[in-house]
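Participant: Starting off with a structure, shown below.
The values are calculated or read from the model by the stated rules, or taken from the named source; none is laboratory data. Computed from a prediction, not measured in an experiment: that's the story for all the values here. Cβ sites come from the backbone with ideal geometry, for glycine too, and all protein chains shown count toward neighbours. For the accessible areas, the whole protein counts, side chains as well, though only heavy atoms, and no ligand, DNA or RNA atoms are used. Shrake-Rupley method; radii C 1.70, N 1.55, O 1.52, S 1.80 Å.
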Amino acid sequence: MHPLVSSLPFCVIAGPCSIESYEVLTQVARTIQDLGVTALRGGIYKMRTNPESFQGLGESAYSIVAQVKQELGLSLVSEVTDVRQIKGLSEVADVLQVGTRNMYNYELLKELGKQEKPVLLKRGLSAYLEEWLQAANYVIQGGNSRVMLCERGIRTFERETRNTLDLAAVPILKSKVNYPILVDPSHGTGRKDLVLPMALAAAAAGADGLLIEVHPNPEKALSDGAQALDLFELEDLMKRLRTLLPALGRRLSDPGIPFFSSL
Ligand code: PEP
Ligand code: MN
């Protein structure tokens, strides 16, 4: 099949970089539900470069998530940073994300292979595509084939953007493997002004979905505010995607039906 033609509905996963409070999470969750976004994202355990930076709410976020999920029935994608979190996090998250810094953490990948939640595996910030696929094999060989990959930019000499988003990775991977391939233009650029054009470009390149950081008040975000869309900007992105996707022979995943439930 041509890499641009995917049989999967296009999924959008959006939410704050970090879960900060019930108030912020519920505001974002209500908006994404109104906009027909497929699933909510939100970090509970954060891998921050600077140890002085906000490290995530940890276990105290679980009750916030449980409440928002009970009220709205959304699915949550959240990052697991250590094997000791798998059990507890699985009770509130529907997809376990492995961040860029942990793509090479093979013991974590092996443990994720032994459990049933889908795994969203981000590309290591200096990983060759081949290394990334080998990392995915650690999960699959453990017995869990529900893996999706997420291109989130790699480190290059260019300083205008936080990372260099490698969109060529999308059609290359689509021609090699059957996993859904997502793109994260938020971390991929680090700049909110680039999120919309790169999101549309990712769809045009054949991606199966997007991971987007959103915050009701990006200037106040406890992490990654510079790359977060506000809720109006997310609405604009969804509107443009709804125009673009049919031209590409694709459709947006139905609201409330998580794209990964069919994996
Ligand atoms: C994130 O999605 O919040 C995140 C930390 O991403 P990455 O691992 O790609 O930096
Ligand atoms: Mn982030």
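Participant: Would you confirm whether any residue within region 93-107 is part of a helix (DSSP H, G or I) and crowded, with 18+ Cβ neighbours inside 10 Å? I'd like the intermediate steps shown before the answer.
Facilitator: First, pick out the residues of region 93-107 that are part of a helix (DSSP H, G or I): 100-102, 106-107.
Still in the running and crowded, with 18+ Cβ neighbours inside 10 Å: 100, 102.
So far as region 93-107 goes, yes, one or more of its residues are part of a helix (DSSP H, G or I) and crowded, with 18+ Cβ neighbours inside 10 Å.
Participant: For region 189-212, indicate whether the set of residues that are touching a strand residue (DSSP E or B) at 6+ places or on another chain (Cβ under 6 Å) and of a type in the set (S, T, N, Q) is non-empty.
Facilitator: The answer is no; no qualifying residue exists.
Participant: Quick check: is even one residue across region 139-147 in contact with a helix residue (DSSP H, G or I) (Cβ under 9 Å, 6 or more places away or on another chain), under 26 Å from Gln55 (Cβ atoms), hydroxyl-bearing (Ser, Thr, Tyr) and open to solvent by 10 Å² or more (accessible area, probe 1.4 Å)?
Facilitator: Taking region 139-147 first, the residues in contact with a helix residue (DSSP H, G or I) (Cβ under 9 Å, 6 or more places away or on another chain) are 139-147.
This time we only want the ones that are under 26 Å from Gln55 (Cβ atoms), so: 139.
Filter once more, so that each one left must be hydroxyl-bearing (Ser, Thr, Tyr): none.
The answer is no; no qualifying residue exists.
Participant: Oh, and also: With the condition kept exactly as written, say whether any residue in region 195-202 is β-branched (Val, Ile, Thr), more than 15 Å from ligand 2 (Cβ to nearest atom) and either surrounded by 24 or more Cβ atoms within 10 Å (Cβ to Cβ) or in contact (Cβ under 8 Å) with a residue 40 or more places away in the chain (or both). Let's see the steps before the verdict.
Facilitator: Step one: list which residues in region 195-202 are β-branched (Val, Ile, Thr), which gives 195.
Now drop any that are not more than 15 Å from ligand 2 (Cβ to nearest atom), which leaves none.
No; the residues of region 195-202 include none that is β-branched (Val, Ile, Thr), more than 15 Å from ligand 2 (Cβ to nearest atom) and either surrounded by 24 or more Cβ atoms within 10 Å (Cβ to Cβ) or in contact (Cβ under 8 Å) with a residue 40 or more places away in the chain (or both).
Participant: Right, next: For Gly58, all conditions in the list (1) more than 16 Å from ligand 1 (Cβ to nearest atom); (2) small (Gly, Ala, Ser); (3) out of contact with any strand residue (DSSP E or B) (no Cβ under 9 Å at 6 or more places or on another chain) hold save one; what is the number of the exception?
Facilitator: In the conditions (1) more than 16 Å from ligand 1 (Cβ to nearest atom); (2) small (Gly, Ala, Ser); (3) out of contact with any strand residue (DSSP E or B) (no Cβ under 9 Å at 6 or more places or on another chain), Gly58 misses (1) alone.
Participant: Oh, and also: For region 61-83, what are the residues that are touching a strand residue (DSSP E or B) at 6+ places or on another chain (Cβ under 7 Å) and either within 24 Å of Leu8 (Cβ to Cβ) or aromatic (Phe, Trp, Tyr) (or both)?
Facilitator: The initial filter retains those residues of region 61-83 that are touching a strand residue (DSSP E or B) at 6+ places or on another chain (Cβ under 7 Å), namely 65, 69, 74-80.
If the condition is that a residue be touching a strand residue (DSSP E or B) at 6+ places or on another chain (Cβ under 7 Å) and either within 24 Å of Leu8 (Cβ to Cβ) or aromatic (Phe, Trp, Tyr) (or both), then Lys69, Leu74, Ser75, Leu76, Val77, Ser78, Glu79, Val80 are the ones that fit.
Participant: Taking the conditions exactly as written (open to solvent by 30 Å² or more (accessible area, probe 1.4 Å) and closer than 18 Å to Ala221 by Cβ), does Gln55 satisfy them or not?
Facilitator: Details: open to solvent by 30 Å² or more (accessible area, probe 1.4 Å): yes; closer than 18 Å to Ala221 by Cβ: yes.
Considered against the rule, which asks whether it is open to solvent by 30 Å² or more (accessible area, probe 1.4 Å) and closer than 18 Å to Ala221 by Cβ, Gln55 comes out as yes.
Participant: Among the residues of region 66-82, how many are surrounded by fewer than 14 Cβ atoms within 10 Å (Cβ to Cβ) and over 19 Å from the mean Cα position of the chain (by Cα)? Give the derivation first.
Facilitator: Initially, region 66-82 is screened for residues surrounded by fewer than 14 Cβ atoms within 10 Å (Cβ to Cβ), giving 66-67, 70-71, 73.
Within this subset, residues satisfying the condition of being over 19 Å from the mean Cα position of the chain (by Cα) are 66-67, 70-71.
Qualifying residue count for the region: 4.
Participant: OK, next. As an exercise: evaluate Ala168 against (1) aliphatic (A, V, I, L, M); (2) buried (at least 17 other Cβ atoms within 10 Å of the Cβ); (3) over 26 Å from Val83 (Cβ atoms) and give the number of the one condition it does not meet.
Facilitator: All conditions are met except number (2).
Participant: Could you list all residues from region 108-130 that are touching a residue at least 24 places away in the same chain (Cβ under 8 Å), closer than 22 Å to Gly153 by Cα and in a helix (DSSP H, G or I)? Please lay out each step first, then the result.
Facilitator: Taking region 108-130 and keeping what is touching a residue at least 24 places away in the same chain (Cβ under 8 Å), we get 108-127, 129.
Next, from what is left, pick out any that are closer than 22 Å to Gly153 by Cα: 108-109, 118-127, 129.
Selection gives Leu108, Leu109, Leu129.
Participant: Still on this structure, I have one more. Going by the structure shown, is Gln33 open to solvent by 30 Å² or more (accessible area, probe 1.4 Å), away from ligand 2 (no atom under 16 Å from the Cβ) and not hydrophobic (A, V, I, L, M, F, W, C)?
Facilitator: Values: open to solvent by 30 Å² or more (accessible area, probe 1.4 Å): yes; away from ligand 2 (no atom under 16 Å from the Cβ): yes; not hydrophobic (A, V, I, L, M, F, W, C): yes.
Yes.
Participant: Only one residue in Ser63, Ser21 is open to solvent by 60 Å² or more (accessible area, probe 1.4 Å), small (Gly, Ala, Ser) and modelled with pLDDT of 95 or more, so which one is that? Give the derivation first.
Facilitator: Details: Ser21 fails: open to solvent by 60 Å² or more (accessible area, probe 1.4 Å).
That would be Ser63, the only listed residue that is open to solvent by 60 Å² or more (accessible area, probe 1.4 Å), small (Gly, Ala, Ser) and modelled with pLDDT of 95 or more.
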